Amino acid sequence: MLMMKVFVRRSPHARRKRWSNIVSKMLVLVLTVVFLFGTGLDPIDANKAGGSRLQSWMEHMGDTRDAKDLLDKQFHLSEQESAPIPTRSITNEFANPAIAVKESVPSSSKVVYLTFDDGPSKHTADVLDILKREKVKATFFVLGKQVKENPELLKRIDAEGHAIGNHSYNHAYKKLYSDFRNFWQQIRDTGQAIKEVVGYEPRLVRAPGGTYLNFDKQYFELLSQAGYIVHDWHVDSGDSKRANVPKSEIMKSIRAGARLPHTVVLMHDSAGHGETVKALPDIINFYRDKGYTFEIMTSDLEPVQFKVATRKRWERKAVSQAWIDQHVKAVDVRGEKQPERQGEQRPEKRPEKQPQKHFDNQKESSMRFKATTEVGMLNLQPGQYKRIQQNTYIPARILTTHLDGEIIINDHSSPIELHFKQGTITVNRTTGDAVWQVGKNERERLTWKGIEESGVLWIPLRPVLDTITIPLLKHEFIPLELGKIDA
Ligand SMILES: [Zn+2]
(Lines give C-alpha, C1' and ligand atoms only; values in the text may rest on other atoms or scores of the structure.)
Protein backbone atom coordinates (compact mmCIF):
# COMPACT_ATOMS: atom_id res chain seq x y z
CA MET A 1 0.00 0.00 0.00
CA LEU A 2 2.70 2.34 1.00
CA MET A 3 4.63 1.38 -2.10
CA MET A 4 1.71 2.24 -4.39
CA LYS A 5 1.38 5.64 -2.89
CA VAL A 6 5.03 6.26 -3.48
CA PHE A 7 4.82 5.19 -7.10
CA VAL A 8 2.14 7.68 -8.01
CA ARG A 9 4.34 10.58 -7.13
CA ARG A 10 7.52 9.37 -8.81
CA SER A 11 9.03 9.80 -12.26
CA PRO A 12 9.90 6.67 -14.31
CA HIS A 13 13.54 7.21 -13.45
CA ALA A 14 12.82 7.41 -9.76
CA ARG A 15 10.58 4.38 -10.10
CA ARG A 16 13.40 2.37 -11.67
CA LYS A 17 15.67 3.48 -8.89
CA ARG A 18 13.04 2.59 -6.36
CA TRP A 19 12.66 -0.87 -7.96
CA SER A 20 16.37 -1.55 -7.93
CA ASN A 21 16.35 -0.46 -4.33
CA ILE A 22 13.60 -2.93 -3.51
CA VAL A 23 15.31 -5.70 -5.47
CA SER A 24 18.59 -5.12 -3.65
CA LYS A 25 16.78 -5.05 -0.33
CA MET A 26 15.13 -8.36 -1.15
CA LEU A 27 18.45 -9.81 -2.23
CA VAL A 28 19.93 -8.86 1.11
CA LEU A 29 16.95 -10.41 2.86
CA VAL A 30 17.26 -13.66 0.92
CA LEU A 31 21.02 -13.83 1.44
CA THR A 32 20.51 -13.20 5.13
CA VAL A 33 18.00 -16.01 5.39
CA VAL A 34 20.47 -18.31 3.64
CA PHE A 35 23.29 -17.18 5.94
CA LEU A 36 21.25 -17.61 9.02
CA PHE A 37 19.65 -20.92 8.35
CA GLY A 38 21.97 -22.79 6.07
CA THR A 39 21.32 -23.72 2.51
CA GLY A 40 18.53 -24.44 0.16
CA LEU A 41 15.56 -24.18 2.47
CA ASP A 42 12.65 -22.07 1.42
CA PRO A 43 11.93 -19.24 3.83
CA ILE A 44 9.01 -20.99 5.50
CA ASP A 45 10.98 -24.15 6.20
CA ALA A 46 13.99 -22.09 7.12
CA ASN A 47 11.85 -20.21 9.54
CA LYS A 48 10.74 -23.46 11.10
CA ALA A 49 14.23 -24.90 11.19
CA GLY A 50 15.66 -21.74 12.66
CA GLY A 51 12.81 -21.62 15.12
CA SER A 52 13.49 -25.05 16.48
CA ARG A 53 17.19 -24.36 16.83
CA LEU A 54 16.43 -21.18 18.60
CA GLN A 55 13.84 -22.95 20.68
CA SER A 56 16.43 -25.43 21.89
CA TRP A 57 18.71 -22.62 22.79
CA MET A 58 15.98 -20.90 24.71
CA GLU A 59 15.05 -24.13 26.46
CA HIS A 60 18.55 -24.30 27.80
CA MET A 61 17.83 -20.92 29.27
CA GLY A 62 14.57 -22.13 30.73
CA ASP A 63 12.24 -20.06 28.60
CA THR A 64 10.39 -21.72 25.78
CA ARG A 65 8.15 -18.80 24.96
CA ASP A 66 10.88 -16.48 23.78
CA ALA A 67 12.02 -18.17 20.62
CA LYS A 68 9.36 -16.86 18.28
CA ASP A 69 9.75 -13.37 19.52
CA LEU A 70 13.47 -13.45 18.95
CA LEU A 71 13.10 -14.97 15.55
CA ASP A 72 10.70 -12.23 14.54
CA LYS A 73 13.22 -9.72 15.70
CA GLN A 74 15.83 -11.42 13.61
CA PHE A 75 13.77 -11.18 10.45
CA HIS A 76 12.94 -7.63 11.21
CA LEU A 77 16.63 -6.95 11.43
CA SER A 78 17.44 -8.57 8.13
CA GLU A 79 14.86 -6.44 6.39
CA GLN A 80 16.87 -3.35 7.08
CA GLU A 81 19.32 -3.11 4.27
CA SER A 82 22.40 -2.08 6.15
CA ALA A 83 21.42 -3.04 9.66
CA PRO A 84 24.54 -4.13 11.50
CA ILE A 85 24.45 -7.53 13.12
CA PRO A 86 24.70 -6.89 16.83
CA THR A 87 27.75 -8.94 17.66
CA ARG A 88 26.79 -9.27 21.29
CA SER A 89 23.28 -10.41 20.67
CA ILE A 90 21.75 -13.80 21.03
CA THR A 91 21.23 -13.76 17.28
CA ASN A 92 24.98 -14.07 17.20
CA GLU A 93 24.54 -17.80 17.10
CA PHE A 94 22.90 -17.38 13.76
CA ALA A 95 24.67 -14.33 12.54
CA ASN A 96 28.06 -15.83 13.13
CA PRO A 97 28.11 -18.14 10.14
CA ALA A 98 27.76 -15.00 8.06
CA ILE A 99 30.86 -13.47 9.53
CA ALA A 100 32.61 -16.76 10.11
CA VAL A 101 36.21 -16.58 9.20
CA LYS A 102 37.24 -18.28 6.01
CA GLU A 103 39.51 -21.28 6.19
CA SER A 104 42.18 -19.18 4.53
CA VAL A 105 42.93 -17.34 7.79
CA PRO A 106 46.32 -18.59 8.99
CA SER A 107 45.76 -21.59 11.23
CA SER A 108 48.13 -20.30 13.85
CA SER A 109 45.77 -17.44 14.65
CA LYS A 110 42.66 -19.55 15.14
CA VAL A 111 41.98 -20.32 18.78
CA VAL A 112 39.15 -22.27 20.37
CA TYR A 113 38.33 -21.96 24.04
CA LEU A 114 36.62 -25.07 25.37
CA THR A 115 34.58 -24.21 28.47
CA PHE A 116 32.89 -26.53 30.96
CA ASP A 117 30.17 -25.16 33.24
CA ASP A 118 28.44 -26.31 36.44
CA GLY A 119 31.16 -28.63 37.81
CA PRO A 120 33.28 -29.94 39.27
CA SER A 121 31.38 -33.21 39.43
CA LYS A 122 31.87 -36.93 38.99
CA HIS A 123 32.47 -36.34 35.24
CA THR A 124 35.24 -33.80 35.73
CA ALA A 125 37.98 -36.39 36.27
CA ASP A 126 37.09 -38.04 32.94
CA VAL A 127 37.13 -34.66 31.19
CA LEU A 128 40.54 -33.91 32.71
CA ASP A 129 41.88 -37.31 31.63
CA ILE A 130 40.82 -36.66 28.03
CA LEU A 131 42.26 -33.15 28.03
CA LYS A 132 45.54 -34.48 29.38
CA ARG A 133 45.71 -37.26 26.81
CA GLU A 134 44.92 -34.82 23.99
CA LYS A 135 47.29 -32.19 25.42
CA VAL A 136 44.53 -29.61 25.39
CA LYS A 137 43.78 -26.86 27.89
CA ALA A 138 40.29 -25.68 28.81
CA THR A 139 38.37 -23.37 31.13
CA PHE A 140 36.05 -24.51 33.93
CA PHE A 141 33.29 -22.21 35.16
CA VAL A 142 32.58 -23.77 38.51
CA LEU A 143 29.77 -23.53 41.06
CA GLY A 144 30.73 -22.65 44.64
CA LYS A 145 28.53 -25.46 45.90
CA GLN A 146 30.37 -28.00 43.73
CA VAL A 147 33.75 -26.63 44.79
CA LYS A 148 32.84 -27.25 48.44
CA GLU A 149 31.89 -30.82 47.56
CA ASN A 150 34.83 -31.58 45.28
CA PRO A 151 37.78 -29.43 46.27
CA GLU A 152 40.29 -32.05 45.13
CA LEU A 153 38.90 -31.89 41.59
CA LEU A 154 39.30 -28.11 41.54
CA LYS A 155 42.87 -28.55 42.72
CA ARG A 156 43.46 -30.93 39.87
CA ILE A 157 41.94 -28.50 37.32
CA ASP A 158 44.33 -25.84 38.55
CA ALA A 159 47.36 -28.10 38.84
CA GLU A 160 46.94 -29.33 35.26
CA GLY A 161 47.07 -25.82 33.86
CA HIS A 162 43.42 -25.16 33.08
CA ALA A 163 41.67 -21.89 33.82
CA ILE A 164 38.97 -21.44 36.42
CA GLY A 165 35.97 -19.13 36.24
CA ASN A 166 33.15 -18.26 38.64
CA HIS A 167 29.66 -19.52 37.74
CA SER A 168 27.75 -18.47 40.93
CA TYR A 169 27.20 -20.57 44.02
CA ASN A 170 24.07 -22.58 43.33
CA HIS A 171 22.89 -21.69 39.80
CA ALA A 172 19.37 -20.85 41.03
CA TYR A 173 18.08 -18.46 38.34
CA LYS A 174 15.27 -17.01 40.38
CA LYS A 175 17.51 -16.10 43.26
CA LEU A 176 20.33 -14.83 41.05
CA TYR A 177 18.26 -12.67 38.76
CA SER A 178 15.57 -11.30 41.06
CA ASP A 179 18.07 -9.06 42.81
CA PHE A 180 21.66 -8.10 41.99
CA ARG A 181 22.56 -8.33 45.66
CA ASN A 182 21.94 -12.09 45.54
CA PHE A 183 24.01 -12.49 42.40
CA TRP A 184 26.82 -10.48 43.97
CA GLN A 185 26.77 -12.53 47.17
CA GLN A 186 26.97 -15.78 45.20
CA ILE A 187 29.86 -14.52 43.10
CA ARG A 188 31.71 -13.38 46.22
CA ASP A 189 31.05 -16.65 48.08
CA THR A 190 32.15 -18.71 45.10
CA GLY A 191 35.26 -16.56 44.65
CA GLN A 192 36.11 -17.22 48.28
CA ALA A 193 35.47 -20.95 47.97
CA ILE A 194 37.77 -21.11 44.94
CA LYS A 195 40.43 -19.04 46.66
CA GLU A 196 40.44 -21.37 49.67
CA VAL A 197 41.32 -24.26 47.37
CA VAL A 198 43.65 -22.82 44.73
CA GLY A 199 44.80 -19.60 46.36
CA TYR A 200 43.32 -16.97 44.07
CA GLU A 201 39.95 -15.58 43.09
CA PRO A 202 39.32 -15.76 39.35
CA ARG A 203 38.21 -12.68 37.44
CA LEU A 204 36.32 -14.68 34.85
CA VAL A 205 32.59 -14.99 35.45
CA ARG A 206 29.90 -16.76 33.46
CA ALA A 207 26.25 -16.04 34.22
CA PRO A 208 24.11 -19.15 34.75
CA GLY A 209 21.90 -19.41 31.65
CA GLY A 210 23.99 -16.71 29.95
CA THR A 211 23.52 -12.97 30.27
CA TYR A 212 20.79 -12.60 27.65
CA LEU A 213 17.47 -11.70 29.32
CA ASN A 214 19.15 -12.28 32.69
CA PHE A 215 21.59 -9.38 32.99
CA ASP A 216 20.72 -5.74 32.75
CA LYS A 217 23.14 -2.88 32.34
CA GLN A 218 23.73 -2.61 36.07
CA TYR A 219 24.75 -6.27 36.38
CA PHE A 220 27.37 -5.74 33.67
CA GLU A 221 28.56 -2.44 35.09
CA LEU A 222 28.91 -3.42 38.72
CA LEU A 223 30.72 -6.67 37.96
CA SER A 224 33.04 -4.84 35.59
CA GLN A 225 33.66 -2.14 38.19
CA ALA A 226 34.90 -4.76 40.62
CA GLY A 227 37.20 -6.21 37.97
CA TYR A 228 35.15 -9.28 37.04
CA ILE A 229 35.06 -10.21 33.37
CA VAL A 230 31.80 -11.72 32.18
CA HIS A 231 31.89 -14.23 29.33
CA ASP A 232 29.03 -15.73 27.36
CA TRP A 233 29.87 -18.01 24.40
CA HIS A 234 29.78 -18.31 20.62
CA VAL A 235 28.93 -21.98 20.22
CA ASP A 236 26.51 -23.87 22.42
CA SER A 237 27.28 -27.60 22.27
CA GLY A 238 23.59 -28.10 23.11
CA ASP A 239 24.54 -30.67 25.74
CA SER A 240 22.22 -29.02 28.24
CA LYS A 241 19.08 -28.68 26.12
CA ARG A 242 17.54 -31.49 28.13
CA ALA A 243 18.77 -34.49 30.12
CA ASN A 244 21.12 -36.87 28.31
CA VAL A 245 21.47 -35.18 24.94
CA PRO A 246 23.22 -37.89 22.88
CA LYS A 247 26.74 -37.47 21.59
CA SER A 248 25.53 -37.41 17.97
CA GLU A 249 23.34 -34.39 18.69
CA ILE A 250 26.15 -32.60 20.52
CA MET A 251 28.43 -33.13 17.52
CA LYS A 252 25.74 -31.79 15.24
CA SER A 253 25.56 -28.56 17.24
CA ILE A 254 29.34 -28.25 17.25
CA ARG A 255 29.56 -28.73 13.47
CA ALA A 256 26.80 -26.19 12.90
CA GLY A 257 28.37 -23.66 15.27
CA ALA A 258 30.23 -20.51 14.34
CA ARG A 259 33.92 -20.74 13.62
CA LEU A 260 35.45 -17.39 14.42
CA PRO A 261 39.16 -16.60 14.76
CA HIS A 262 38.56 -16.87 18.51
CA THR A 263 35.70 -19.21 19.31
CA VAL A 264 34.27 -19.89 22.75
CA VAL A 265 32.44 -23.22 23.10
CA LEU A 266 29.95 -23.99 25.88
CA MET A 267 29.83 -27.48 27.40
CA HIS A 268 28.94 -28.91 30.81
CA ASP A 269 30.78 -31.26 33.13
CA SER A 270 28.07 -31.52 35.77
CA ALA A 271 26.25 -34.73 36.70
CA GLY A 272 24.21 -36.14 33.82
CA HIS A 273 26.71 -35.11 31.15
CA GLY A 274 28.31 -38.44 30.39
CA GLU A 275 27.50 -37.87 26.70
CA THR A 276 29.60 -34.69 26.72
CA VAL A 277 32.52 -36.75 28.00
CA LYS A 278 31.94 -39.23 25.15
CA ALA A 279 31.79 -36.43 22.58
CA LEU A 280 34.83 -34.55 23.83
CA PRO A 281 37.52 -36.41 21.85
CA ASP A 282 35.52 -35.82 18.65
CA ILE A 283 34.99 -32.16 19.52
CA ILE A 284 38.73 -31.74 20.00
CA ASN A 285 39.45 -33.48 16.71
CA PHE A 286 36.88 -31.38 14.93
CA TYR A 287 38.55 -28.10 15.89
CA ARG A 288 42.03 -29.52 15.44
CA ASP A 289 41.14 -30.52 11.86
CA LYS A 290 39.95 -26.98 11.19
CA GLY A 291 43.35 -25.65 12.23
CA TYR A 292 42.43 -24.39 15.69
CA THR A 293 44.70 -24.36 18.69
CA PHE A 294 43.29 -24.73 22.21
CA GLU A 295 43.85 -22.15 24.88
CA ILE A 296 42.61 -21.23 28.30
CA MET A 297 40.64 -18.05 28.80
CA THR A 298 42.65 -15.31 30.45
CA SER A 299 41.68 -11.94 31.82
CA ASP A 300 43.12 -10.08 28.85
CA LEU A 301 40.85 -11.88 26.40
CA GLU A 302 38.05 -9.77 24.96
CA PRO A 303 34.89 -11.03 26.62
CA VAL A 304 32.08 -12.52 24.59
CA GLN A 305 28.89 -10.91 25.82
CA PHE A 306 25.35 -11.08 24.56
CA LYS A 307 23.65 -7.74 24.24
CA VAL A 308 21.40 -6.45 26.96
CA ALA A 309 17.81 -7.37 26.16
CA THR A 310 15.27 -4.60 25.81
CA ARG A 311 12.64 -6.99 27.08
CA LYS A 312 12.50 -8.05 30.72
CA ARG A 313 12.38 -11.55 32.06
CA TRP A 314 12.91 -10.61 35.70
CA GLU A 315 11.18 -8.01 37.81
CA ARG A 316 13.74 -6.33 40.01
CA LYS A 317 14.86 -2.99 41.30
CA ALA A 318 18.24 -1.45 40.62
CA VAL A 319 20.50 -1.50 43.67
CA SER A 320 21.11 1.78 45.46
CA GLN A 321 24.26 3.86 45.32
CA ALA A 322 24.66 3.41 49.07
CA TRP A 323 24.71 -0.37 48.65
CA ILE A 324 27.17 -0.09 45.76
CA ASP A 325 29.44 2.15 47.82
CA GLN A 326 29.36 -0.29 50.68
CA HIS A 327 29.73 -3.56 48.77
CA VAL A 328 31.06 -3.16 45.26
CA LYS A 329 33.48 -0.28 45.79
CA ALA A 330 35.36 -2.32 48.38
CA VAL A 331 36.10 -5.11 45.92
CA ASP A 332 38.67 -5.15 43.15
CA VAL A 333 39.62 -8.56 41.86
CA ARG A 334 41.98 -7.01 39.32
CA GLY A 335 44.55 -7.18 42.11
CA GLU A 336 44.15 -10.96 42.35
CA LYS A 337 47.26 -12.55 41.01
CA GLN A 338 46.01 -15.02 38.42
CA PRO A 339 48.17 -18.10 37.98
CA GLU A 340 51.07 -17.75 35.58
CA ARG A 341 50.43 -20.27 32.83
CA GLN A 342 53.08 -19.02 30.46
CA GLY A 343 55.73 -21.50 31.53
CA GLU A 344 53.49 -24.55 31.29
CA GLN A 345 54.23 -27.04 28.59
CA ARG A 346 51.89 -26.40 25.77
CA PRO A 347 51.06 -28.67 22.91
CA GLU A 348 50.60 -25.86 20.43
CA LYS A 349 52.82 -22.92 19.70
CA ARG A 350 52.44 -20.18 22.30
CA PRO A 351 52.27 -16.61 21.07
CA GLU A 352 55.55 -14.84 21.78
CA LYS A 353 55.58 -12.24 24.50
CA GLN A 354 56.40 -9.49 22.05
CA PRO A 355 53.26 -9.15 19.97
CA GLN A 356 53.83 -10.24 16.41
CA LYS A 357 53.04 -7.69 13.80
CA HIS A 358 50.33 -9.90 12.51
CA PHE A 359 47.06 -8.12 12.18
CA ASP A 360 43.88 -9.87 11.32
CA ASN A 361 43.17 -7.55 8.43
CA GLN A 362 40.57 -9.69 6.81
CA LYS A 363 38.13 -9.29 9.65
CA GLU A 364 39.14 -5.78 10.59
CA SER A 365 38.52 -4.31 7.19
CA SER A 366 34.84 -5.13 7.42
CA MET A 367 34.15 -4.28 11.05
CA ARG A 368 33.82 -1.20 13.20
CA PHE A 369 34.96 -1.42 16.81
CA LYS A 370 32.85 0.17 19.51
CA ALA A 371 33.99 0.36 23.12
CA THR A 372 32.23 1.98 26.06
CA THR A 373 33.90 3.16 29.23
CA GLU A 374 32.30 5.14 32.02
CA VAL A 375 33.55 8.27 30.26
CA GLY A 376 31.71 7.54 27.05
CA MET A 377 31.90 5.69 23.77
CA LEU A 378 34.83 5.10 21.46
CA ASN A 379 33.74 4.45 17.92
CA LEU A 380 36.63 3.20 15.78
CA GLN A 381 36.54 2.66 12.05
CA PRO A 382 38.55 -0.03 10.24
CA GLY A 383 42.19 1.08 10.36
CA GLN A 384 41.74 2.78 13.72
CA TYR A 385 42.19 -0.46 15.63
CA LYS A 386 44.23 -3.60 15.23
CA ARG A 387 43.60 -7.05 16.56
CA ILE A 388 46.84 -8.53 17.79
CA GLN A 389 46.42 -11.97 19.24
CA GLN A 390 43.69 -11.56 21.81
CA ASN A 391 43.90 -7.82 22.23
CA THR A 392 42.51 -4.83 20.46
CA TYR A 393 45.19 -2.17 20.03
CA ILE A 394 44.20 1.43 19.43
CA PRO A 395 46.30 4.57 18.90
CA ALA A 396 47.45 5.98 22.26
CA ARG A 397 46.33 9.41 21.14
CA ILE A 398 42.72 8.29 20.72
CA LEU A 399 42.64 6.86 24.24
CA THR A 400 44.33 9.82 25.92
CA THR A 401 41.88 12.16 24.19
CA HIS A 402 38.94 9.96 25.22
CA LEU A 403 40.03 9.96 28.86
CA ASP A 404 40.90 13.63 28.88
CA GLY A 405 44.58 12.81 29.29
CA GLU A 406 47.66 13.96 27.43
CA ILE A 407 50.34 12.35 25.28
CA ILE A 408 53.84 13.82 25.44
CA ILE A 409 56.55 12.96 22.92
CA ASN A 410 59.81 14.77 23.70
CA ASP A 411 62.29 13.40 21.18
CA HIS A 412 63.22 10.15 19.51
CA SER A 413 65.19 8.77 22.41
CA SER A 414 62.87 9.56 25.32
CA PRO A 415 59.94 7.36 26.23
CA ILE A 416 56.46 8.45 25.17
CA GLU A 417 54.45 9.63 28.16
CA LEU A 418 50.73 9.05 28.50
CA HIS A 419 49.34 11.21 31.28
CA PHE A 420 46.03 10.30 32.87
CA LYS A 421 44.31 11.60 36.00
CA GLN A 422 45.14 8.33 37.73
CA GLY A 423 48.82 8.24 36.81
CA THR A 424 51.30 8.07 33.95
CA ILE A 425 52.25 5.30 31.55
CA THR A 426 55.63 5.63 29.84
CA VAL A 427 56.41 3.54 26.79
CA ASN A 428 60.02 2.88 25.74
CA ARG A 429 60.30 3.64 22.02
CA THR A 430 62.91 1.00 21.33
CA THR A 431 61.62 -1.97 23.32
CA GLY A 432 57.93 -1.06 23.66
CA ASP A 433 58.20 -1.74 27.41
CA ALA A 434 55.62 0.11 29.46
CA VAL A 435 55.82 1.36 33.04
CA TRP A 436 52.97 2.65 35.20
CA GLN A 437 53.68 5.36 37.70
CA VAL A 438 51.43 6.87 40.36
CA GLY A 439 52.92 9.78 42.27
CA LYS A 440 56.68 9.91 42.66
CA ASN A 441 57.73 6.49 43.81
CA GLU A 442 55.14 3.91 42.96
CA ARG A 443 56.32 2.33 39.71
CA GLU A 444 55.07 -0.85 38.13
CA ARG A 445 56.42 -2.62 35.08
CA LEU A 446 53.46 -3.53 32.84
CA THR A 447 53.11 -6.86 31.08
CA TRP A 448 52.14 -5.48 27.67
CA LYS A 449 54.25 -3.64 25.14
CA GLY A 450 53.41 -0.67 22.99
CA ILE A 451 53.96 -0.84 19.26
CA GLU A 452 55.14 2.20 17.34
CA GLU A 453 54.42 2.14 13.66
CA SER A 454 54.71 5.02 11.20
CA GLY A 455 54.65 7.56 14.00
CA VAL A 456 51.61 6.05 15.74
CA LEU A 457 51.88 4.43 19.16
CA TRP A 458 49.44 1.50 19.46
CA ILE A 459 48.44 0.28 22.92
CA PRO A 460 46.18 -2.63 24.00
CA LEU A 461 42.85 -1.20 25.16
CA ARG A 462 41.75 -3.55 27.92
CA PRO A 463 45.09 -3.94 29.73
CA VAL A 464 45.61 -0.18 29.62
CA LEU A 465 42.14 0.49 31.02
CA ASP A 466 42.78 -2.13 33.70
CA THR A 467 45.97 -0.34 34.65
CA ILE A 468 44.30 3.02 35.06
CA THR A 469 41.28 1.32 36.71
CA ILE A 470 38.67 2.43 34.21
CA PRO A 471 36.19 -0.38 33.55
CA LEU A 472 35.56 -1.37 29.95
CA LEU A 473 31.79 -1.59 30.20
CA LYS A 474 31.06 -2.88 26.74
CA HIS A 475 32.75 -3.51 23.45
CA GLU A 476 31.68 -4.93 20.14
CA PHE A 477 32.74 -5.47 16.57
CA ILE A 478 30.08 -4.41 14.13
CA PRO A 479 30.06 -5.42 10.47
CA LEU A 480 30.04 -2.29 8.29
CA GLU A 481 27.02 -3.44 6.41
CA LEU A 482 25.26 -6.69 5.84
CA GLY A 483 25.52 -6.47 2.07
CA LYS A 484 29.30 -6.48 2.22
CA ILE A 485 29.61 -9.77 4.01
CA ASP A 486 31.17 -12.31 1.76
CA ALA A 487 29.27 -15.56 1.44
ZN1 LIG B 1 25.46 -23.30 34.13
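The values are calculated or read from the model by the stated rules, or taken from the named source; none is laboratory data. No experiment lies behind these values; they were computed from the predicted model shown. Backbone-built Cβ (ideal geometry, glycine too); neighbour counts: all protein chains shown. Quick note on the areas: whole protein, heavy atoms, side chains included, nothing else; ligands and nucleic acids left out. Shrake-Rupley method; radii C 1.70, N 1.55, O 1.52, S 1.80 Å.
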Item checked: Hz values of 3J(HN,Hα) by residue in region 262-273 - Karplus curve (6.51, -1.76, 1.60), Gly and Pro given as x -> 10, 10, 9, 10, 8, 9, 10, 10, 7, 3, x, 10
Margin query: List the residues, sorted by chain then number, that are 5 or more residues from GLU452 or on another chain and whose placed amide H is less than 5 Å from its amide H.
Written below: TRP458
Notebook entry, point to check: Counting only protein heavy atoms and using a 1.4 Å probe, what share of the accessible area of region 107-335 belongs to carbon plus sulfur, as a whole percent?
Noted result: 48
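Taking Rh as the Kirkwood radius computed over C-alpha pairs, what is the Stokes-Einstein D of region 250-340 at 10 °C in a medium of viscosity 1.306 mPa s, expressed in µm² per second?
Values: Rh = 17.6 Å.
This corresponds to a translational diffusion coefficient of 90 µm²/s.
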Notebook entry, point to check: Taking 0.36 nm per residue of separation and subtracting the Cα-Cα distance, what length does fully extending ALA322 through GLU149 add?
Noted result: 58.8 nm
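Using 1/(1 + (r/R0)^6) with R0 = 60 angstrom and r between the beta carbons of GLU452 and ASN244, what's the FRET efficiency to the nearest 0.05? Don't skip to the end; give the middle numbers.
On the way: r = 56 Å, r/R0 = 0.93.
Computed FRET efficiency for GLU452 and ASN244 comes out at 0.60.
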Checklist line | From phi via Karplus (6.51, -1.76, 1.60), per-residue ³J(HN,Hα) for region 156-162 in Hz, x at Gly/Pro | finding: 5, 3, 5, 5, 8, x, 8
Note to self: Check which residues have an amide H placed less than 5 Å from THR469's amide H, if you skip close sequence neighbours.
What the structure shows: none
Next item on the list: Read phi for every residue in region 401-418 and hand back ³J(HN,Hα) as whole Hz from Karplus 6.51 cos²θ - 1.76 cosθ + 1.60, θ = phi - 60°, with x for Gly and Pro.
Entry: 5, 4, 9, 6, x, 8, 10, 10, 10, 7, 8, 5, 8, 7, x, 7, 9, 10
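Ignoring ligands, DNA and RNA, what percent of the 1.4 Å accessible area of region 361-484 is carbon and sulfur?
Working: 2690 of 5890 Å².
Accessible surface attributable to carbon and sulfur in region 361-484 totals 46 percent.
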Notebook entry, point to check: So for region 361-484, what percent of the C-alpha to C-alpha distances run longer than 26 Å?
Noted result: 20
Next item on the list: Provide the descending list of Cα extents for region 107-335 along its principal axes, expressed in whole angstroms.
Entry: 52, 38, 35
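Wrap a convex hull around the Cα atoms of region 192-326, take a quarter of its surface area, and give that in square nanometres. The partial results should precede the final answer.
Values: hull surface 42.2 nm².
With every direction weighted equally, the projected area is 10.5 nm².
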Note to self: Quick check: the distance between the Cα centres of region 222-267 and region 377-395, to the nearest angstrom?
What the structure shows: 25
Next item on the list: Could you state the accessible area per residue of region 156-240 in Å², with a 1.4 Å probe and every protein chain left in place?
Entry: 26
